[in-house]
Amino acid sequence: MEFLDLAPIAGVNGSVALPGSKSISNRTLLLAALCQGSTRVLGLLASDDTERMLEALTALGIKIEQIGNSRDFIVHGCGGEFPVKQADLFLGNAGTAFRPLTAALAFAGGDYRLSGVPRMHERPIGDLVTGLQQAGCNIEYLGNEGFPPLQIRPGSVTSNRIAVKGNVSSQFLTGLLMAIPLTQRDMTIDVIGELISKPYIEITLNLMAKFGLKVERKSWNEFFIPGGQSYTSPGEIHVEGDASSASYFLAAGAIGGGVVRVEGVGSDSIQGDKRFADTLAEMGAVITWGPNWIEAAPPASGQLTAIDVDLNHIPDAAMTIAIAALYAKGTTTIRNIESWRVKETDRLSAMATELRKVGATVVEGQDWISVTPPEALTANAEIDTYDDHRMAMCFSLVAIKGVPVRINDPKCTAKTFPTYFEELARIAN
Ligand SMILES: O=C(O)C1=C[C@@H](OP(=O)(O)O)[C@@H](O)[C@H](O)C1
Ligand SMILES: C=C(OP(=O)(O)O)C(=O)O
């Protein structure tokens, strides 16, 4: 097993130009592929998840040109009809590729097989598939019922209503919203139960609007998409920096004794994870906002304060709060995060196990975790990362304030942030 030994970081200072947002990159690629006309996508994230989406769209017959060696691309849209009607797509562990493509291909009138890494085959998709099947789509499970891999065949949509459960992943609703215009029908989506991770739906609606699509959100449980609409190219889309990736550097600023600025995400961002900065501020960090940047510095008192907080709206950046808790006075409790159990790994269990290795007292519930820091963090803990990029990035922060730590399989950050450790080194001193 490869590992990375992080030497103690005495302090942090400086500025990080964030890589593009994963959520915006993969949505934009799909919408640009489906629309009429060509779209210049600027600042696309370079990562495993975006590579899987690029490969899949290319296999579906979409022409995508990279401009030189830049992260700017021209996507030639297919006007709502994928040219290739038969394909076998490998989507890795990219939820933002797997769920939306399942919905789009269910309406595409072709034969498609969708698979991923073994963990993707343990991540639920049943609520989305059931919704699509009830609407007339033809989808079969090739392994365990409720999970990928999937076989999609031509179906015929006969209904004007589609129901989807909202409490396991918001990506099911995102997939439906983006795909339904392909049916050309008036469609109401009923979201059954509480919808989690709501800000990701706002990203979806925002980007659909940029591609000319009208959606009426009647409530978080009912959406209406008028029929007869098609996506039109906005000409150019600039991908913002990734707000979840920003969380590690902002946390570093809040605990590390200097000022850290992230560039690419600020008060103008459409990403819900920008609100991570508000949570850090509640813990006492000094946060300064610009339209396109955020800065974090430690509290005037020198120490963060524990909080008891519902972080359902920022499930990814919430992991970074569990690490910030190591530097806070008191017990921090993070609530309403059951979705952690069905992501890259069971993040509640993984987080609890690894936090204990650095000396924290941790209590884990079905949908919450509480973290009480030790007097002093344990040096030289060997952190397992469970093929979860966020576990690796989170635990790198243990090195701040002088505690050496070993990160096993550091390259797993490639899912969303292949150059993470280089960027961390640039602000460390
Ligand atoms: O739609 C998106 O871009 C995402 C939604 C969230 O998933 P859930 O809705 O499953 O919580 C988040 O965890 C994921 O990293 C990205
Ligand atoms: C949950 C995540 O990814 P995915 O898009 O695969 O759901 C994540 O990036 O933390």
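The values are calculated or read from the model by the stated rules, or taken from the named source; none is laboratory data. Just so we're clear, the structure is a prediction, and the values are computed from it rather than from any experiment. With ideal geometry, Cβ positions are generated from the backbone for all residues, glycine too; neighbour counts draw on all protein chains shown. Surface areas here come from the heavy atoms of the whole protein model, side chains and all, with no ligands, DNA or RNA. Shrake-Rupley method; radii C 1.70, N 1.55, O 1.52, S 1.80 Å.
Take the Cα of residue 70, step 7 Å toward its Cβ, do the same at residue 5, and the gap between the two points is 4.3 nm.
Spatial offset of segment 227-277 relative to segment 282-330 amounts to 16 Å, using the alpha carbon center of each. Only helical runs count toward this figure. For the chain, summing -39,500 (n - 2.57) over DSSP H runs of n ≥ 4 and dividing by all residues gives -8500 deg cm²/dmol at 222 nm. A straight Cα-to-Cα reach below 16 Å connects residue 165 with the aspartates and glutamates 127, 190, 194, 222, 338, residues fewer than 8 places away in its own chain not being considered. Every Cα-Cα pair in segment 22-220 was counted, and those over 25 Å apart are 29% of them.
Evaluate the relative contact order of segment 22-220 (contact order divided by residue number), counting alpha-carbon pairs under 8 angstrom at least 6 apart; express in whole percent. Write down the numbers at each step before the final one.
On the way: 400 pairs, mean separation 35.4, N = 199.
That works out to 18 percent.
Projecting the Cα atoms of 208, 315, 47 onto the charge dipole of the chain (Cβ charges, centred on the Cα centre) puts 208 farthest toward the positive pole. The residues of segment 106-212 expose on average 36 square angstrom of accessible surface per residue, using a 1.4 Å probe on protein heavy atoms.
Computed over protein heavy atoms with a 1.4 angstrom probe, the accessible surface ordering of 197, 156, 70, largest first, is 156, 70, 197.
For the chain, with the dipole built from +1 on Lys and Arg beta-carbon atoms and -1 on Asp and Glu ones, taken about the Cα centre, which of 128, 189, 175 lies farthest toward the positive end? Of the candidates, 189 comes out farthest on the positive side. Per-residue extension of 0.36 nm, minus the Cα-Cα distance of residue 232 and residue 267, leaves a gain of 9.9 nm for this segment. With all protein chains in place and a 1.4 Å probe, the accessible surface of the chain carries 48 percent carbon and sulfur.
Short-range pairs are left out: with C-alpha atoms under 8 Å and at least six residues apart, the relative contact order of the chain is 19 percent.
Applying 1/(1 + (r/R0)^6) with R0 = 25 Å to the Cβ-Cβ distance of residue 310 and residue 361, what FRET efficiency is obtained, to the nearest 0.05? Could the numbers behind the result be given before it?
Details: r = 21 Å, r/R0 = 0.86.
Calculated transfer efficiency: 0.70.
Of the residues 400, 221, 4, the one whose Cα sits farthest toward the positive end of the charge dipole of the chain, with +1 on the Cβ of Lys and Arg and -1 on the Cβ of Asp and Glu, is 221.
For the chain, the Cα-based Rg and Dmax, in that order, read 21.3, 63 Å. Comparing 326, 45, 213 in a Gaussian network model of the chain where C-alpha atoms under 10 Å apart are linked, the largest mean-square fluctuation is found at 213.
Assuming charge only on the beta carbon of Lys and Arg (+1) and of Asp and Glu (-1), the dipole of the chain about its Cα centre is about 540 debye to the nearest 20. Approximating the spin labels as points 7 Å out from Cα along Cα→Cβ, the residue 90-to-residue 382 distance works out to 3.0 nm. For segment 57-119, the dipole from Cβ point charges (+1 on Lys and Arg, -1 on Asp and Glu) about the Cα centre works out to 200 debye, to the nearest 20.
Taking the Cα centre of segment 22-220 as origin and assigning +1 to Lys and Arg Cβ atoms and -1 to Asp and Glu Cβ atoms, the resulting dipole is close to 380 debye.
Pairs from the table (198/343; 22/274; 85/214) lying more than 19 angstrom apart at Cα are 85/214.
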